[in-house]
Amino acid sequence: MIEQLAVLGSSGEPEARRDLVGMTLAELCTFAEDVLGERSFRGKQLFKWIYQKDCRDFRAMTDVARALRERLLEIARISRLEERSVQRSRDGTIKFLWGLEDGLQVESVLIPEDRRLTLCISTQVGCPLACDFCVTGKGGYARNLSRAEIVLQVMQAQQHSPDRRISNIVLMGMGEPLLNLDNVLPAMEVVQENDGLGISHRRITLSTVGLLPQLEEFGRRSRLNLAVSLHGTTNEQRTRLMPINRKYPLEELMESLRRFPLPHRKQITIEYILLKGVNDSVADAHRLVRLLRGLPAKVNLIPYNNNPFTEYETSEQRDILAFQDVLMAARIHTITRLNRGEDISAACGQLGGYKQQRPRPVAAAGAQEQR
């Protein structure tokens, strides 16, 4: 795993060097006291060097005593992800393929806009939830990402934008964040710390399919923004698209969202992918309005991004606009998301480069009309 790396000690036996990336400020202060035998402020120094100054070498930490730097070289390390590929879209979007120390890989996406620079990061290698429209879900699941692997996506993506700071983070890449809360929340604590990356919780959004026990735990432990992937307005429809709906049907999910402890003036974001002929009718829009009644929520409409791995298609523009009009007439704050990075398979639901996959067979003539 990324937290440890075997090295030879003085006895010739393997020892483990502790990876300091992913450790919170409090943990580094404890590390300084309990492991290094130093005062806690040394932990704060390490925290700033690692996260704020993006230092990769203990020898470069000039305000740390030389003897301590030598000690750190023996027992600790500062890990990095392997940058396996960087793809740039015509619209400025950048997709990264990161190599992990066990040979697996994950993707993240940097999205420049006029007023913000948003990074979409992954929390798992693959995804176990197998949503039918999602390329990541088609590739299967390997494991959770460590704290370091989550934080490093942010740190190393920032290196590709020296003139602009990342302003927003969305945990909407590969994986289900609620299945990895014990790594996701400390990683986001590091990201929020002023002596670290300094990104406010108001600008960090966690996206989930709606796992009810973990959703309740998330509400207790975090102030991050919540986004919920709905994508269907009936149980039959949503179960077809998202198998998790069999375990947590719409009625239970919506009731759980109404109980969610929202901070003052925050709203839940409802994500709704529009699939041609599946869930994009005016009747679907009216059902969505009824589902959201009484819930402090806004809606992100996401036109589907075509890909060779699923049978679904992008909705017609007229149907997208008609769907949006119904929501806005009901005074629901609605945003129709622009497709970004589609030419490099970096758009929503397209992250699949972490694993070689076979495109679906081309359907026989007339098959689209029969489904």
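Derivation of every value follows stated rules applied to the coordinates shown; laboratory data play no part. Keep in mind that what you see is a predicted model, and the values were worked out from it rather than measured. Here the Cβ positions follow ideal geometry from the backbone for every residue, glycine too, while neighbour counts run over all protein chains shown.
Side notes on the structure shown:
- Length available on full extension from residue 143 to residue 298: 0.36 nm per residue minus the Cα-Cα distance, which gives 52.6 nm.
- A simple rule links phi to the HN-Hα coupling: the Karplus curve 6.51 cos²θ - 1.76 cosθ + 1.60 with θ = phi - 60°, which for region 22-33 gives x, 7, 6, 4, 4, 5, 5, 5, 5, 4, 4, 6 Hz, with x for Gly and Pro.
- Estimated FRET transfer efficiency (residue 322, residue 194; beta-carbon r; R0 45 Å; 0.05): 0.45
- Full extension of the chain between residue 39 and residue 240 gives 66.7 nm of extra length, using 0.36 nm per residue less the Cα-Cα distance.
- Those lysines that a straight Cα-Cα span of less than 23 Å connects to residue 266, excepting residues fewer than 8 apart in one chain: 298
- Taking amide H as placed 1.01 Å from N in the peptide plane, residue 140 has its amide H under 5 Å from the amide H of 127, each at least 5 places away in sequence or on another chain.
- Eligible aspartates and glutamates near residue 53 by straight Cα distance, threshold 20 Å, same-chain separation 8 or greater: 19, 27, 63, 70, 82, 83, 149, 163, 189, 193, 195
- Over 24 Å between alpha carbons, listed pairs 48/95; 95/247; 138/247: 48/95; 95/247
- The chain: angle of helix 66-75 to the longest principal axis, Cα-based, in degrees nearest 10: 60 degrees
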